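Just below is one structure, and these are the notes that go with it.
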Amino acid sequence: MPFIKLESNPFNVLISLKLWEISLSIIVYSLISIILIELVVILYLYISNWRKSVKLESIKGNIQELANEKAKVIAMESIEKARKDAIQQSKAVISGKIYEQFAPYMPKFKHNPKEARFIGSPIDYVVFEGLENNDVKSIYFVEIKSGKSNLTNKEESIKKAIEKKAVYFETIYIDSD
């Protein structure tokens, strides 16, 4: 019944309505504040994630740039090494060709240089022992090697044919008509 008493008094009704209005306003402002706080948190998280993604993109770019630079350095080193190797190999080939030409005049060549005939390929020399006296006693096939080089497959096959005594002499007459 005290509630009825309040309503009977117009001033009390007005105070009661004002209290409800204030309470409602506080609830509305509280809800708006909560929504604003949530929006601020969402905005903060969005900006934070955006900054992280920008950092990641920057880091990815830096890594890609470093990788490209390293690849260039490796490529340049590889090219330089290949050039040096090619020059070294070329020097070895040229010196080998010179040794081939002068081999008959070197101490390790055990044949008469006047009896040696340079062919060059597939075997360097054919030596006709006794040719100078017009009395050939034996024929040697001589391959000149320098450094660490080995016989090629062709040279090996020639060596095997000679060792099997599969060496023959032919005379071919060419008719002029």
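Coordinate-derived values only; no laboratory data. These numbers come from a predicted model, not from an experiment. Virtual Cβ from ideal backbone geometry, glycine too; neighbours counted across all protein chains shown.
Put in line by how crowded their Cβ is, counting other Cβ atoms within 10 Å and starting with the fewest, 135, 124 read 135, 124. Each Lys or Arg adds one and each Asp or Glu subtracts one; over the other residues with Cβ under 14 Å from the Cβ of residue 142, this totals -1.
Under 5 Å from the amide H of residue 130 lie the amide H atoms of 137, each residue being 5 or more positions distant or on a separate chain, with H modelled from the backbone and absent for Pro and chain starts.
I need the calculated FRET efficiency for the pair residue 48 and residue 148, taking r as the beta carbon distance and R₀ as 41 Å, to the nearest 0.05. If you can, show how the numbers build up before the last one.
Values: r = 66 Å, r/R0 = 1.60.
The value I calculate is 0.05.
I'd like the FRET efficiency for residue 33 and residue 55, computed as 1/(1 + (r/R0)^6) with the beta carbon distance as r and R0 of 25 Å, rounded to 0.05. Can you show the working numbers first?
Working: r = 33 Å, r/R0 = 1.30.
Efficiency for this residue pair is about 0.15.
Put the Cα centre of the range 18-85 next to the Cα centre of the range 101-120 and the gap is 79 Å.
Helix 153-163 axis versus longest C-alpha principal axis of the chain: approximately 30°, rounded to the nearest ten. Among 170, 38, 115, sorting on how many other beta-carbon atoms sit within 10 Å of each Cβ, with the fewest leading, yields 170, 38, 115.
Residue 92 sits among other residues whose Cβ lies under 13 Å from its own Cβ, and their net charge, with Lys and Arg +1 and Asp and Glu -1, is +3. In the structure shown, the pairs 114/148; 114/160; 81/159; 108/165 are assessed against 32 Å; a Cα-Cα span above that value is assigned to 81/159.
Between residue 106 and residue 72, the modelled label-to-label distance comes to 4.6 nm, taking each label 7 Å out from Cα in the direction of the beta carbon. Farthest towards the positive end of the charge dipole of the chain, among the residues 31, 106, 62, is the Cα of 31, using unit charges on the Cβ of Lys, Arg, Asp and Glu. Computed from Cα positions, the angle between helix 10-102 and the longest principal axis of the chain comes to roughly 10 degrees.
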